[in-house]
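First comes the structure, then the notes that go with it.
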Amino acid sequence: MTTELEKRYNPQIAERKWYEHWNEMGHFRADENSDKPKYCITIPPPNVTGMLTMGHVLNNTMQDILIRRARQKGMETLWLPGTDHASIATEAKVTKMLKEKGINKRKIGREKFLEHAWEWKEKFGGIIIEQLKRLGASCDWEREVFTMDENYSRAVLEAFVRLYNDGLIYRGERIINWDPVGQTALSDEEVIYREHQSKLWYFKYPYKDGSGHVIVATTRPETMLGDTGIAVNPNDKRYKSKIGKSVILPIQNREIPIFADSYVDLEFGTGAVKVTPAHDPNDFEMGQRHNLDIINVMNPDATMNAKAGKDFIGLTREEARELVLEKLESLNLIEKIEDYTHSVGHSERTDAVVEPYLSKQWFISMEKMAKDAKQVVKDGTIKFHPKHWEKTYFHWLDNIRDWCISRQLWWGHRIPIWYCETCEKTEICAIEKPQKCPNCGKNENLRQDSDVLDTWSSSWLWPFATMGWPQKTQTQKKFYPTDLIITGPDIIFFWIARMIMAGLQFKNEIPFTDVYFTGIIRDGQGRKMSKSLGNSPDPIDLFEKYGADAIRFGLMRLAPQGLDILFSEEKMEEGRNFMNKLWNASRFVLMNAEKTEVKSLDKIENLEIADRWILSRLNHVIVRTDKLMDDFKFDHTAKALYEFIWAEFCDWYIEMIKERFFGDDAKRKEVAISVAMHVLKNILKLMHAYTPFATEEIWQKIKSENEPDLIIAEFPEVDEKWFDDSVEKEMKLIVEVATALRNLRGEMNVPPGKKIDALFRGDVSELAIIKSDMAVLKLLAKVENLEISENGEAPENCAKTVAGKLEIFIPMAGLVDLEAERSRLSKEIEKTKKLIQNTQGKLSNENFISRAPEEVVNSEREKIEKYREKLAKLEEHLRELGIRNEQ
């Protein structure tokens, strides 16, 4: 019934073998007609342009753990996968690819460009999906969705039409975030702000009546060419008499008014603000309130247009700035220049400096949807983990602006608006091209809007559009609302808030019940991982080096809820070591089980203290880890499993039962083997969600013929009859004593194979435990003779240690050459004193302290503390051997 495991675990062979097997057996497939309770997650769709990152590994490992656990608990699971078309990113990549081939995007036109884009997607778009499979993602791949699939696209257009017909989508002229390189609008969330060291220029604008000038401050001299007013605060006494006057705009020689508006900050600059309605969102609002002219002086590529003046036509923003400054300097209209630090917006995709730009765009009205989305989180219908992200979410919703959803791109869902050129551009909203204009009845000259929708205005439908909406489907009936979404907090506005809005708007239901926000993965120095810094490892390389299970488990141990993760490859190595530990322990148990009947627990008798202890600990671990996973404590679960498997099962229990494995008592061996196999099977079940490949490989060797694959094997259930607090208390002391004795043996240089004698004295109740479990302790600590005394005298030339409320003495005579050991300790003491002296010399050197990097100085301080601790121990050991070291 058992087969011996290979000497070494080979992750590459196991991973490929078992992933193909699970897929072929249909273990990932969801049955929408099942009567079992459901558990559903829709994967946050990675960009079709993407490659697997450590962030993807973190996020998708967490999802896979929860899906696998639910599957083991007998639930009908659906982990629905897919990819996002990523309008801006994909169009940029395809445009770059064409440019490298000498092909101009504009010259070949929209249709030909889209052919190239689809070809590129088919060739490169599936890479990240295959990488997710390497991770072990147990998605239902038969349901994979791409956001530009025919059915999904129809859902996106259907949503647009419904919102348009409900009056929630409108076209308006607004100041929007404009990417002059990508030449498209950006949402507020697609703008990344960085601090720039710049200047604050103070310009003099002459009054029309020649009575002097008003001074204004600006960080953007080039936009003054589009100024149409000067604003002051109505409460600013400095300008009370100036309100209503006019100034002459330098260079342009245009008359512009001075007006009062409470928006103006009295403390900024001079208190008088130049107003450029076409190039600043706040200026635009003031322009609307005061009926100012709106003059756009820039082209879409951020070069200057004819309205800037003939000297500026075609200049870049930077060139225009220099020419403006040159002209104002020649007119003696620059009052002063100051250094100034301020935040400047950059496009998330192209890194271009974002231009506030007046443009006609499509918007979704957000006010009503925002209120509904806030309420379902406020009343706990949707729960955030960790909860503190609610504050950020509420703040954004309370200050929400209408959503600009149009993008000036070709790759994406084209806006379903048609214009009739015959009857003065009548606007028609329809998924399909209308047969004729409903106004004039003509069927020619119907032109579709050229813009596409913002990528997020397709992915906000993800939880239900992936399940066949707007059609009523059995998939939706079974699996919607979903149970959970896992994502980074950086897209709480982009995606989470909007999915909640969409679910309530189109389905009248929340899209999920729980949201888990991961932390950001950082390197050992606390820096965010990025390609530019070269501190972001390729996950596939890590899989090859350590195995996918090791990376999954290692990363989970590092992932505290709601906090950033400091990545360390050393932790990935620890993950591999843990896999090897589990493998070797399993192999040892299997080798010894080959010729022994393995019985179920209800058919074995005469369990020894070690058996009762490990069964009690197992059931406590089942309870604890199950509760931790219910609370999404991935790291605490991993640590609890690690401690139980590595320390309690491998290091202690297996060590305690070895003598029964190798002894002559067949009954005792049968009990030990049966308990060990029972615990091992449950360990594999508990660990499977975290480390699916290694556990399945081991399981297939130990399972009985009627047991299923581990991926669908029943999750461990708690059996309360095995809880035994008294046994756990006893074993806690035994382990503590054995550990103390092992440490002392090592410190005193006792050869590993030599047995020791030990004298115990101290607390009566603890001495009773030692007496009762003397055989176990002798085995664990290699004790020959064990003497117990409440108040006995300590023998001469002995080493001493403490455990619990007990003192333990080990006579050293015969264990080591006392004179040689005293000599060795004395030499080690002198060596350690010199190390302390040398390190202290460094730390006393002011040049070293002032010039050395902080981490080097801290390292030296840590060293000296370790040396001092070591010296104290060495001197104590020498005293224990009967001689006080002369100081």
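The values are calculated or read from the model by the stated rules, or taken from the named source; none is laboratory data. Being a predicted model, the structure only gives us computed values, none of them experimental. Glycine also receives a Cβ, built like all others from the backbone with ideal geometry; neighbour counts cover every protein chain displayed. For accessibility, only protein heavy atoms count, side chains too; no ligands or nucleic acids. Shrake-Rupley method; radii C 1.70, N 1.55, O 1.52, S 1.80 Å.
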Being touching a helix residue (DSSP H, G or I) at 6+ places or on another chain (Cβ under 6 Å), open to solvent by less than 30 Å² (accessible area, probe 1.4 Å) and not hydroxyl-bearing (Ser, Thr, Tyr) narrows it down to one residue among Leu777, Leu767, Leu744; which is it? Leu777
Those residues that are among the hydrophobic types (A, V, I, L, M, F, W, C) and either touching a Phe, Trp or Tyr at 6+ places or on another chain (Cβ under 8 Å) or farther than 16 Å from Val735 by Cα (or both), I need them from segment 761-802; list them, please. Val764, Leu767, Ile770, Leu780, Leu786, Ile788, Ala794, Cys798, Ala799
Where in segment 801-887 are the helices (runs of 4 or more DSSP H), entirely inside, with at least 1 residues that are touching a residue at least 40 places away in the same chain (Cβ under 8 Å), surrounded by 11 or more Cβ atoms within 10 Å (Cβ to Cβ) and not β-branched (Val, Ile, Thr)? 818-844, 854-880
Considering segment 509-534, residues that are surrounded by fewer than 16 Cβ atoms within 10 Å (Cβ to Cβ) and farther than 20 Å from Gly562 by Cβ, and then whichever is farthest from the chain's Cα centre (by Cα), we arrive at Glu509
Could you list, in sequence order, all residues of segment 255-282 that are part of a strand (DSSP E or B) and of a type outside the set (Asp, Glu)? Ile256, Pro257, Ile258, Phe259, Ala260, Ala272, Val273, Lys274, Val275
Going through (1) open to solvent by less than 20 Å² (accessible area, probe 1.4 Å); (2) assigned to a helix (DSSP H, G or I) one by one, Trp18 fails only at (1)
Yes or no: Arg401 open to solvent by less than 40 Å² (accessible area, probe 1.4 Å), of a type in the set (D, E, K, R) and within 32 Å of the chain's Cα centre (by Cα)? no
From Ile175, Ile192, residue being touching a residue at least 60 places away in the same chain (Cβ under 8 Å), in a strand (DSSP E or B), surrounded by fewer than 20 Cβ atoms within 10 Å (Cβ to Cβ) and touching an Asp or Glu at 6+ places or on another chain (Cβ under 8 Å): Ile192
Taking segment 667-694 and the residues there that are of a type in the set (Ser, Thr, Tyr) and over 21 Å from Trp652 (Cα atoms), the one that is surrounded by the fewest Cβ atoms within 10 Å (Cβ to Cβ) would be Tyr690
Scan segment 138-165 for residues that are closer than 30 Å to Phe693 by Cβ, among the acidic types (Asp, Glu) and either in contact with a Ser or Thr (Cβ under 6 Å, 6 or more places away or on another chain) or part of a loop (DSSP other than H, G, I, E, B) (or both) and jot them down. Asp140, Glu144
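Name every residue in segment 21-54 that is among the hydrophobic types (A, V, I, L, M, F, W, C), open to solvent by 30 Å² or more (accessible area, probe 1.4 Å) and under 27 Å from Asp541 (Cβ atoms), in order of residue number.
Met51
Between Phe543, Phe512, Phe506, Phe567, which is in contact with a Lys or Arg (Cβ under 8 Å, 6 or more places away or on another chain) and within 30 Å of Ala465 (Cα to Cα)?
Being in contact with a Lys or Arg (Cβ under 8 Å, 6 or more places away or on another chain) and within 30 Å of Ala465 (Cα to Cα) holds for just one of Phe543, Phe512, Phe506, Phe567, which is Phe506.
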Pairs with Cβ under 7 Å, 6+ apart, first in segment 461-473 and assigned to a loop (DSSP other than H, G, I, E, B), second open to solvent by 10 Å² or more (accessible area, probe 1.4 Å) and β-branched (Val, Ile, Thr): Thr466/Val145; Met467/Thr473; Met467/Thr475; Gly468/Thr475
Determine which member of the set Lys433, Lys387, Lys442, Lys374 is free of Cβ contacts under 8 Å to residues at least 60 places away in the same chain, surrounded by 18 or more Cβ atoms within 10 Å (Cβ to Cβ) and not β-branched (Val, Ile, Thr). Lys374
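Look through Trp410, Trp456 and report the one residue that is of a type in the set (A, V, I, L, M, F, W, C) and open to solvent by 50 Å² or more (accessible area, probe 1.4 Å).
Every option except Trp456 fails the conditions.
Within segment 223-254, how many residues turn out to be closer than 20 Å to Lys310 by Cβ and part of a strand (DSSP E or B)?
3
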